[in-house]
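All remarks here apply to the structure that follows.
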Amino acid sequence: MTLRRLHLKLGGMHCSLCARTVEKALGRLAGVAFVNVSIPHEEVLVDYDPQRVAAEEIRRVLDILGFEPREPDEAGMLAAQERELAQARRKALQAGVLIGLASAVMLAAYLRGPTPVGMLAMAALALYATFGPARFIIFRNAWQSIRRGILNQDVLVSASALAGLGGGLVGLLNPVFPAGELFGAAVFVLAFHLIGGYASVSVHVRASQSVRRLLSLIPPTARRLTSQGTEEEVPVDRLQVGDRVRVRPGDRIPIDGRVVQGTLTVDESPITGEPWPVDKLPGDPVIGGSLNRAGAAVVEVTRVGDETFLRVVARQVAEARALKPGILRLVDRVLLIYVPIVFGVAAVGFVGWTVGPLLTMGELDWTRAAFAALGALIMGYPCALGMATPLAIIRASGEAAARGILLRSPEAFQLLRLVDTIVFDKTGTLTVGRPAVAGVWTAGPAPDELLRLVAGAELPSEHPLGRAIVEAARARGLEPPAATEFAAEPGLGVRATVDGHRVLVGSPRLLVREGVDPAILRSLVEQVEARGQTGVLVAVDGAPAGVIALADEIKADAAETIRALKNRGVAPVMLTGDSERAARAVADALEIDDVRARLLPGEKAEVVRGFQRAGRRVAAVGDGINDAPLLMQADVGVALGTGADVTLEAADVVIVSDRLIRVVEALELAGRSYALTLRNVVFALAFNGAGLLAALTGQISPVWAMLAMVLSVSLVVISSLTAQLLPPTPARVRRELVLQVPDIRCEGCVAQIRRAIRRLEGIEAVEGDPAAKRVRVIYQEGTVDPGAVRAAIRQAGFTVADERA
């Protein structure tokens, strides 16, 4: 059975009981497998079998229920949200004026005593609030809820307002009720509900701002190259896969693609959260919306329309908004019985202070009865429980997005905090994911000369190891000479003639087949393999010449990430399909004790199942297509945003960069946001329970009850919006490091060094001067050690003579 997902906006959605009605009605349809409703964002997600139920039938059921289903067009939705926010703001301003006027009239009555003019003024304010800005609460929201058999907070507010208004009108004719206070209660309860509605709308609109900011990064037009090589400016939505566009300094890259000509220095910070510009060379991918700081290039389009990176992220954010974590489902279940209980308590209070005094003293206490009933309705208002609680999750989602962490499933808030084991894929996750020359071991020739000859032999090759050797030679300023008589031997290596020398590059079998005894190189190969590196043997003119060591470079922040996880009590595990020796070399460098090698994708998932059977909570981090089964099996799947689309779809959390330290930040964020959410729920329930009991005494004026309720909501909202979910990044002192690098020969060398150094945390700028053989590095003090900079330059294949800091 292949399920499809239907994502709709729902007009007329007011509370958790509306959501419960939708979930129950759609859940009864044959073929519907999953229904989830988001109240703050007025959205519904439905997973259904198109062979058994049509999307039109789902929409028809929603129409019958009285809701307004519509497609979640992101651009149209953002515009509609702006209109909704503006309308809610106007109503909130009116509510503020009503509160001010009512407070002034009641203060005057308190100081000078009640007067007919003051009573009439309060009556006018109550009537205006009821039939003016708040009429939609009573005559639309509450009425629709009653028609559906739902008792929710709109019904509760409407009952409070109408009871206050009715009691006040009776009090004008007969002073059996305190008219002024009852009118005031009607004004305050409606006004604060309007203000709460504005706060709710503003929060969920603000939660959509990250998507809006992302989509606004895409420029409206692009410079497309024609078949004649000329430029034409076309709308971005007319670009097709395979088109080529030109990008100049200061341009925003219009579409996802890869550089085919030229170089760019790209600022991806609004998209990935990475603060430093990234150099893009031919073959490197670029993300539409990134800002080109320097350089010019031709980019070939690889993805268009809804498949572009930013559109995929926007869609995933929208779907994540419509999902609901377990703690909010618990709140929904509580509200199903909570509101009827409030009405019951109000009825008990009213009857208790009418029938009770009548039976005991022979008279009715209308004032205390009114205070008890209306006070219970007001003190029981579940705003803090039903509205303020999701603010913690929305707040956390926004803070996560700002750091390049996309929480696709709100369940991740609960599950991540329970994780005690994190499983990492090796290649592309803990390591960079592409081979690089780690060293040149010779049996005679000078290292640079050997590397130059090997690079010449590999120049025509398409093999990744050959490309890595050519890049390393060029990084050292060694231009590979042209090769003749080139031949690639599948599974063995290559042979060619370079500068008149017959060069063999590959495995021992290639050398043996060509009559060269590789025994003399065996000790060099053993030294290379002892480091977990791959050794490529070289023979020149029939004699063993040396070994080129290649390795997959460990990411700059991998060690820091592993240390941070251990400090949190989380056990890191590395799973890889690579050899035991290569896996152990990486694990030892990162101090990972548990490492499993030579695993197929299904076997990695089985390892996770083993951990889960042992009672461990497991998160998995990966970036490749073969990591999808691993991520889906884990309790929480974390995908690096540089990975394959299928991996991103399998993940609960997406790190929109290749920075591993974001995994630690996601854990911290999940734990703190869940604690904040739970604290809000407990506080709201405790306050409402105490308020209901206090209201039964009949001693609390409805106005004071209203103020107490507002105070509780305000405290929860302030707590949600001001709580520190992640520690702020401390201000750093900028330092300058000047290094003398004698073998810089060109701007290509500078670009290679820049790319190597910028992998380090805290690097702000890297400048190179080939003529002066000098590299200048601007970095943040305390974030990177100068020795790490020197090591990065050496790892790129250059030497460092001295430094000045």
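The values are calculated or read from the model by the stated rules, or taken from the named source; none is laboratory data. It should be emphasised that the depicted structure is a prediction, and the values quoted were computed from it without experimental measurement. Positions of Cβ are generated from backbone atoms using ideal geometry, with glycine treated the same way; all protein chains shown enter the neighbour counts. The accessibility values were calculated without ligands, DNA or RNA, using every heavy atom of the protein model including side chains. Shrake-Rupley method; radii C 1.70, N 1.55, O 1.52, S 1.80 Å.
Restricting the GluC sites (Glu not before Pro) of region 531-603 to loop positions (DSSP other than H, G, I, E, B) with no more than 12 neighbouring Cβ atoms within 10 Å leaves Glu591. Would you give the gap between the C-alpha center of region 108-156 and the C-alpha center of region 492-565, rounded to a whole Å? The two parts, judged by their Cα centres, are 83 Å apart. Each Lys and Arg contributes +1 and each Asp and Glu -1, all at the Cβ; summed about the Cα centre of the chain, the dipole is approximately 1940 debye. Taking a ≥ b ≥ c as the square roots of the eigenvalues of the Cα gyration tensor, the chain is prolate, since a/c reaches 1.5 or more and a/b is larger than b/c. On full extension, the segment bounded by Asp284 and Ala55 gains 78.4 nm, given 0.36 nm per residue less the C-alpha separation.
Sorted on the mean count of surrounding Cβ atoms within 10 Å across their residues, most packed first, peptides 530-541, 339-350 read 530-541, 339-350. Within the chain, what is the number of lysine pairs with alpha carbons under 30 Å apart, leaving out pairs fewer than eight places apart on the same chain? Total qualifying Lys-Lys pairs in the chain comes to 16. One chain, two ends: Ala801 and Val682. Fully extended at 0.36 nm per residue, the span grows by 36.6 nm beyond their Cα-Cα distance. Farthest toward the positive end of the dipole of the chain, out of Ala55, Tyr198, Ala402, is the Cα of Tyr198, where the dipole comes from beta carbon charges about the Cα centre. The angle separating the long axis of helix 389-402 from the principal Cα axis of greatest extent in the chain is about 20 degrees. Mind giving me the FRET efficiency for Phe34 and Leu217? R0 is 25 Å, r the Cβ-Cβ distance, nearest 0.05 is fine. FRET efficiency, Phe34 to Leu217: 0.15.
With the simple model of a label 7 Å out from the Cα in the direction of the Cβ, Asp588 to Gln87 spans 6.8 nm. With r defined as the distance between the Cβ atoms of Val348 and Ile64 and R0 fixed at 41 Å, what FRET efficiency is calculated, to the nearest 0.05? Result of the calculation: an efficiency of 0.70.
Our coupling estimate for region 661-674, obtained by passing each phi through the Karplus curve with A = 6.51, B = -1.76, C = 1.60 and θ = phi - 60°, is 4, 5, 4, 5, 5, 5, 4, 4, 5, 4, x, 6, 5, 5 Hz, Gly and Pro reported as x. Answer rounded, prolate or oblate for region 449-580, using the Cα gyration tensor with square roots of eigenvalues a ≥ b ≥ c: rounded when a/c is under 1.5, else prolate when a/b is larger than b/c, else oblate. Prolate is the answer for region 449-580, as a/c is 1.5 or above and a/b outweighs b/c. Placing +1 on the Cβ of every Lys and Arg and -1 on the Cβ of every Asp and Glu, with no other charges, gives region 736-805 a dipole of roughly 280 debye about its Cα centre. Taking 0.36 nm per residue of separation and subtracting the Cα-Cα distance, full extension of the segment from Ile337 to Glu560 would add 75.4 nm. At R0 = 45 Å, how high is the FRET efficiency between Arg568 and Leu107 if r is their beta carbon distance? Nearest 0.05 is fine. Result of the calculation: an efficiency of 0.25.
Extending 7 Å from the Cα toward the beta-carbon at both Ala765 and Ile520 defines two label points whose distance is 5.1 nm.
Ranking Leu310, Ala670, Pro544 by Cα position along the charge dipole of the chain, where only Lys, Arg, Asp and Glu carry charges on their C-beta atoms, puts Ala670 farthest toward the positive end. Label-point separation (nm) for Thr302 and Arg5, each offset 7 Å from Cα along Cα-to-Cβ? Reported label-point gap for Thr302 and Arg5 is 2.3 nm. Here the accessible area of the chain is 56 percent carbon and sulfur, with a 1.4 angstrom probe and all protein chains present. Computed over the chain, the per-residue total of -39500 (n - 2.57) for DSSP H runs of n ≥ 4 gives a 222 nm mean residue ellipticity of -15500 deg cm²/dmol, rounded to 500. For the chain, the solvent-accessible area of protein heavy atoms averages 43 Å² per residue (probe radius 1.4 Å; ligands and nucleic acids excluded).
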